[in-house]
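Structure, as structure tokens:
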Amino acid sequence: MNSKVYIETFGCQMNVADTERAVTGLRKAGYEMTSASDEADVVLMNTCSVRERAERKVFRRVSELRKSPRHPVIGVMGCVAQLEGPSIFQRAAAVDLVIGTQATDRIPALLSRIRAGEKSVIDLGERQPGEIWDVSPAERRSPYVAFVPIIEGCNKFCSFCIVPYSRGREKSRSAVEIVAEVKRLRSLGYKEVQLIGQNVNSYRPKSDQGLESYAGATPFSRLLRAVAETGIERIKFTTSFPRDFHPDIVSALEECPNLCNWVHLPVQSGSDRILKSMRRGHTAADYLRRVETIKSSPRQLALTSDIIVGFPGEDEADFQDTMRLVRECEFDGLYIFKYSKRSGTPAANLDQAVSEAEKKSRFLALEELQISLQERIYENQVGRKLSVLVERQSARSSADMTGHSTCNKVVNFKGDTTQRGSIVDVLISEGKPNSLYGVAISG
Ligand code: 5AD
Ligand code: SF4
């Protein structure tokens, strides 16, 4: 019997959550999990297609695995599976199984078909009613921080993005289920939940159930209040979409101390011309208005963002608009991406491609700017007391422990492994480009 399963996960937190969910189902069906791919009878790759490089990685891995002496069953799941479908069997003959993004709960049944001798098994179907979003706590990646999907898919169709095609339309999970899961996680000792979705603030469940007693201008801010009332120590949420970023989200953060002081709000570009061509549905000024609401909160909210450089047609003036916006926003962190053409998206048909050399030079210029701004932001933390969830020993020094602050910054401090899973106050003594260092003054 093919009994040991190894899963490799690429890409975003949604994929991490899907892997946890797949493992829950596989174990229930009697499979054992292994962390060594060469011991596995079944190898599944949970894939990402958001940029071309991520996608190429999958096919490189398949050809490595093909040579494994155990000849495992090889399955491709996740976004590449959904998008490429049966063509994966042609491109990589070693693949036995293709599992779409909504078929995670059906993997055991698909594997049984392979065991029964069927070849090239594929499932690109939708999630079925009654299939659970639940994850067994034993399968979660961290015993302290749990990802809780609240919405899947995307209806925004930004012109560069493959997600609406790989993950389908937005589907929100019921508030009753979400709150019940958070309560369960809390009773199991989890300290932090991260509510995840491509656009969490577009949360729109089929019914009001579970939200009746919570006021708020949008279902998402009501959900935030409902989750806060579970009493779990820390709640983070990502990613927010600017057009749907209602100021009431900031009000909720101000009312509920266990909602963490961090917002991830991708802007993608600072040029109105490019934003229009990206079909983002917001201008730079719209974005800055949201930033103003966030920055003027007495709660001191950290703000992070994503930017794409080298989108087709982006000229030097557009890029300078982006540089100006970044200077103005003073992001606590910024993920910068070089535009990657994804076939099937509207932007793939645009001409005026930006050369690789130009993309690279814009990437480096923006990165340099962000580093210089971030250095100041991080240095400004010196002397402050941050609340840190201690996650693990630091990779750099065994005398140090590391974790994240409520504002989602990496914080290191002198400590020991008995502190793992606890929340400590750390007095910051030093700011580094991407992390802070300090002294634990409690816990
Ligand atoms: N090229 C480059 N970056 C992309 N992203 C999404 N699609 C592309 C693409 N085609 C980036 C966006 C998004 C982040 C998750 O990935 O910045 O916010
Ligand atoms: Fe992609 Fe835009 Fe949807 Fe984000 S909002 S997942 S960038 S289409």
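Here are the numbers for the structure shown:
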quantity: Extension gain (nm, one decimal) between residue 357 and residue 343, 0.36 nm per residue minus Cα-Cα; calculated: 2.9 nm
quantity: Segment 1-73 and segment 239-317: distance between their alpha carbon centers, rounded to Å; calculated: 34 Å
quantity: Free-standing Cys, the chain [no other Cys Cβ under 4.7 Å]; calculated: 12, 48, 79, 154, 256, 260, 329, 407
quantity: Stretchable slack from residue 272 to residue 115, in nm (0.36 nm times residue separation minus alpha-carbon distance); calculated: 51.1 nm
quantity: Rough spin-label spacing in nm, given labels placed 7 Å along Cα→Cβ, for residue 368 and residue 400; calculated: 2.7 nm
quantity: The chain - percent relative contact order, Cα under 8 Å, separation 6 or more; calculated: 9 percent
quantity: Relative contact order (%) - criterion: Cα under 8 Å, at least six apart; region: segment 106-208; calculated: 31 percent
quantity: Virtual spin-label span in nm between residue 71 and residue 434, 7 Å along Cα→Cβ; calculated: 4.2 nm
quantity: Max mean-square fluctuation residue, GNM over the chain, Cα-Cα springs under 10 Å, options 60, 279, 290; calculated: 60
quantity: Cβ-defined net charge surrounding residue 5, 14 Å radius [Lys, Arg +1; Asp, Glu -1]; calculated: -2
quantity: Length gained when the stretch residue 184-residue 29 is fully extended (0.36 nm per residue, less Cα-Cα span); calculated: 53.5 nm
quantity: Ordering of 80-88, 40-48, 259-267 by burial proxy (mean other Cβ atoms within 10 Å per residue, highest first); calculated: 40-48, 259-267, 80-88
quantity: Cut-off 13 Å between beta-carbons: net charge of the residues surrounding residue 422, Lys and Arg +1, Asp and Glu -1; calculated: -1
quantity: FRET efficiency for residue 300 and residue 56, using Cβ-Cβ distance with R0 set to 35 Å, rounded to 0.05; calculated: 0.30
quantity: Relative contact order [Cα under 8 Å, 6+ residues apart], segment 394-443, whole percent; calculated: 31 percent
quantity: Net charge of neighbours whose Cβ lies under 11 Å from the Cβ of residue 440, counting Lys and Arg as +1 and Asp and Glu as -1; calculated: -1
quantity: At least 15 Å along the helix axis (C-alpha) and Kyte average at least 1.0, DSSP helices within the chain; calculated: none
quantity: Spin-label proximity, residue 258 to segment 169-206 - amide N less than 12 Å from point 7 Å beyond Cα toward beta carbon; calculated: 179-180, 182-193
quantity: Cut-off 14 Å (backbone N to label point 7 Å along Cα→Cβ of residue 13), residues of segment 135-155; calculated: 141-142, 144-152
quantity: GNM result for the chain, Cα springs below 10 Å: residue of 417, 238, 402 fluctuating most strongly; calculated: 417
quantity: Helix-derived mean residue ellipticity, 222 nm - over the chain, DSSP H n ≥ 4, -39500 (n - 2.57), to 500; calculated: -10000 deg cm²/dmol
quantity: Model label zone, residue 315; criterion: amide N under 16 Å from point 7 Å along Cα-to-beta-carbon; scope segment 331-366; calculated: 351-355
quantity: DSSP beta bridge pairing in the chain, given as percent antiparallel to the nearest 5; calculated: 35 percent
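Every number in this text was worked out from the coordinates using simple rules, so none of it is lab data. None of the values given here were measured: they were computed from a predicted structure. Counting neighbours? That spans all protein chains shown, and the Cβs are built from the backbone with ideal geometry, glycine included.
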